[in-house]
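Right, one structure below, let's go through it.
The values are calculated or read from the model by the stated rules, or taken from the named source; none is laboratory data. For clarity, every value in this text was computed on a predicted model and none was experimentally measured. Cβ placement follows ideal geometry from the backbone for every residue including glycine, while neighbour counts extend to all protein chains displayed. The protein model used for the area step is the full one, side chains on, heavy atoms only, and it has no ligands, DNA or RNA in it. Shrake-Rupley method; radii C 1.70, N 1.55, O 1.52, S 1.80 Å.
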Amino acid sequence: MSQNFVNPDQIRAWFSRAMSDMYKSEVPLYDTLLDLVAQVNAKTLAAQPELAAQLARTGEIERLDIERHGAIRVGTAQELSNMRRVFAVMGMQPVGYYDLSPAGVPVHSTAFRATHEASLQASPFRVFTSLLRLELIDDEALREKAARILAARQIFTDRALKLAARFEAQGGLDEVDAREFVAEALHTFRWHSEATVSLADYQELHGQHRLIADVVAFKGPHINHLTPRTLDIDEAQAEMPRRGVSAKAVIEGPPPRKCPILLRQTSFKALEEAVRFAGSDAGSHTARFGEIEQRGVALTRKGRALYDHLLDLARSRISGAPNEGNADAYMRNLQDSFAAFPDDYEQLHAQGLAYFRYFLTGKQGAEPDADLQTLIAQGHIRFEPLVYEDFLPVSAAGIFQSNLGDKAQAEYAQNASQAAFEQALGAKVQDELALYQDTQDRSLAACLQALGAQAGSPVAA
């Protein structure tokens, strides 16, 4: 990369900060959420020095206050493809495929994020990006109307697309162009209180599904939440109502654990916001909300299979999806079911259930023919949990449903179509498990190389 080009990690950091500032001005409760999370994190670190030490060793402590993920919903293949191009300028690639249709949400999705651990440490900004599936609208006339409305809009400024093209052509952007790109790209994610459709058309779209109205009826894919990372989501959940914030009934994901796994999420209820419709009719729209997440260790394929089995078991013991009426029973079922999942990093490592990063301890005298387990046992190498950077389809659907209302349509059959999504995207999505494996392998190779150099010959893997 030319020395004149700004590192995409830096562009992403600038954009993340600009997005956060914009969202603070648009949704004041978001600022309340940031303050709440900062206080919970400080309290947790003070009460758990071993956790503070772990985060310091892995470098996560340095990214904690800047960690965010956003979520957007686009309406067409062209919008998704251009979104990929825009995020590429920020060093963000599509990772994972998520089908939310079984939960009654007519979208499929990917997460745009950095893929190398060094880039994630520099700026762990992610955007969960969903594509509306017009083919799931059963009313043909309404489906065609929605397609016409979407075809008439342009969600990116001309300048943003020109700068993305310049990035592609020359392999980077200089600082002047990079800062202009951030400002131009930000316009795509702004809230617009003027709808592009009449009140009657909005109501028709809304009657099919609230999310369809959210995607189709506006000028662009307003960011609908921006999520900070907490170290204790149960404390954050309890604190929200103390601050006058209405929290959703159930924390999505696994139950509380000593060794957190994957992802837990909660949110405050979506805001009802005033909207002016075409023809000057006034009304309101409910879409944007505030979310908090707690991230744990990434699970291997074996670990994910166990997680999915235990989650299905817990959900099968209640009637319907988790909600305010069955929240207590569901959480008890969840805790009981997950008693079968080891809650100890040593066991997670020994059983191959989770991914880890390896670090040298500084101890000298490793034997040249020692294997990994021996090197760990003798204190030459330690392992630390590798943080989960992605999302959970059931949890994402649960967050959507909580903020779309309990009566949101839930009648779509399973309609996973990764090939169709990738065709719209214009690229393949990356396998998140392969990325975790690469990170784990790189950390181990670096340790073994360093120990081999100390020992004067290669150390066994």
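The mean accessible area for residues of the range 23-126, using a 1.4 Å probe and ignoring ligands and nucleic acids, is 32 Å² per residue. Looking at the range 42-145 alone, DSSP beta bridges between its own residues are antiparallel in about 60 percent of cases. The string of couplings for the range 274-281 from the Karplus curve (6.51, -1.76, 1.60, θ = phi - 60°) is 5, 9, 9, 8, 4, x, 6, 5 Hz, one whole number per residue in order, with x for Gly and Pro. Taking amide H as placed 1.01 Å from N in the peptide plane, the amide H of VAL95 sits under 5 Å from that of ALA111, PHE112, ARG113, GLN430, each at least 5 places away or on another chain.
Can you check what the net charge comes to around SER25, using other residues whose Cβ is under 12 Å from the Cβ of SER25 (Lys, Arg +1; Asp, Glu -1)?
On the way: positive: LYS24, ARG190; negative: ASP21, GLU26, ASP31.
Taking every other residue near SER25 into account, the sum is -1.
A cut-off under 13 angstrom between Cβ atoms defines the neighbours of GLY362, and their net charge, with Lys, Arg +1 and Asp, Glu -1, is +3. Remark on SER267: its backbone amide H falls under 5 Å from those of LYS248, ILE292, a criterion applied only to residues 5 or more positions apart or on other chains, H modelled at 1.01 Å from N.
Whats the longest run of the chain with zero GluC sites (Glu not before Pro) that are DSSP loop and have at most 16 other Cβ atoms within 10 Å?
Values: sites that count: GLU324, GLU411.
Counting at most 16 other Cβ atoms within 10 Å as exposed, the longest clean stretch of the chain is 1-323.
For THR286, the accessible surface of its heavy atoms amounts to roughly 40 Å² (probe 1.4 Å, protein chains only, rounded to the nearest 10).
Given a 1.4 Å probe and every protein chain left where it sits, what share in percent of the accessible area of the chain is carbon and sulfur?
Working: 9120 of 18710 Å².
For the chain, the apolar C and S fraction of the accessible surface comes to 49 percent.
One decimal place: the segment VAL245-ARG148 gains 31.1 nm when fully extended, by the rule 0.36 nm per residue minus the C-alpha distance. In the chain, the DSSP beta bridges split such that about 75 percent are antiparallel, to the nearest 5.
Lysine pair count for the chain with Cα-Cα distance under 29 Å and sequence separation of 8 or more or different chains is 24.
I want the antiparallel fraction of DSSP beta bridges within the range 177-324, as a percent rounded to 5. Don't jump to the answer; show the numbers that get you there.
On the way: 13 of 17 bridges.
Expressed as a percentage, antiparallel bridges in the range 177-324 total about 75.
Per residue, the accessible area of the range 219-288 comes to 32 Å² when a 1.4 Å probe rolls over the protein heavy atoms.
Sort 208-215, 255-262, 146-153 by packing, meaning the average of other beta carbons within 10 Å per residue, with the highest value first.
Details: 208-215: 23.5, 255-262: 18.6, 146-153: 14.9.
My ranking of the peptides, most packed first, is 208-215, 255-262, 146-153.
Given the options THR286, PRO256, PHE268, identify the residue whose Cα lies farthest towards the positive end of the charge dipole of the range 254-301 (+1 on Cβ of Lys, Arg; -1 on Cβ of Asp, Glu). Of THR286, PRO256, PHE268, it is PRO256.
Counting Lys and Arg as +1 and Asp and Glu as -1 over every other residue whose Cβ lies under 13 Å from the Cβ of LYS145, the net charge comes to -3. Taking amide hydrogens as placed 1.01 Å from N in the peptide plane, the amide H of ARG357 sits under 5 Å from those of GLU384, LEU386, each at least 5 positions away in sequence or on another chain. The mean sequence distance of close C-alpha pairs (under 8 Å, at least 6 residues apart), as a share of the length of the chain, puts its relative contact order at 20 percent.
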